[in-house]
Amino acid sequence: MKIKNALPWITILAVLKVLLDHWLSLPEEDRHRIGRVVRESKGIPGRITPEHRDHIKQAASQLDKAGLGRDILSATAPLPGRRKNKGS
């Protein structure tokens, strides 16, 4: 695989790493409870009870959203010294 073709995958992996780091910043109890809710609902939002939905919202409010955005931007920034060709 050429580097040019691998760059989108490298970017995806970098964003996933940032998301994992922020997910792990949540208390372990919240991560386990959210995981259980998602498994029980099979990922279908309509199957999540209002009580569980409130818990997920509360846990999400603990995340550093500005930091997450900043970290994603940093992870996806172009590599130093590389310029896009305007003619391509």
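Values quoted throughout were computed directly from the atomic coordinates according to the rules given, and no laboratory measurement underlies them. From a predicted model like this one, the values you see are computed outputs, not experimental measurements.
The table below gives the values:
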{"quantity": "Rounded to whole Hz, the Karplus (6.51, -1.76, 1.60) HN-Hα couplings of region 64-77, x for glycine and proline", "calculated": "7, 5, 5, x, 4, x, 4, 5, 5, 4, 5, 6, 9, 4"}
{"quantity": "Using θ = phi - 60° and Karplus 6.51 cos²θ - 1.76 cosθ + 1.60, couplings along region 8-19 (whole Hz; Gly, Pro as x)", "calculated": "x, 5, 5, 5, 4, 5, 5, 5, 4, 5, 4, 4"}
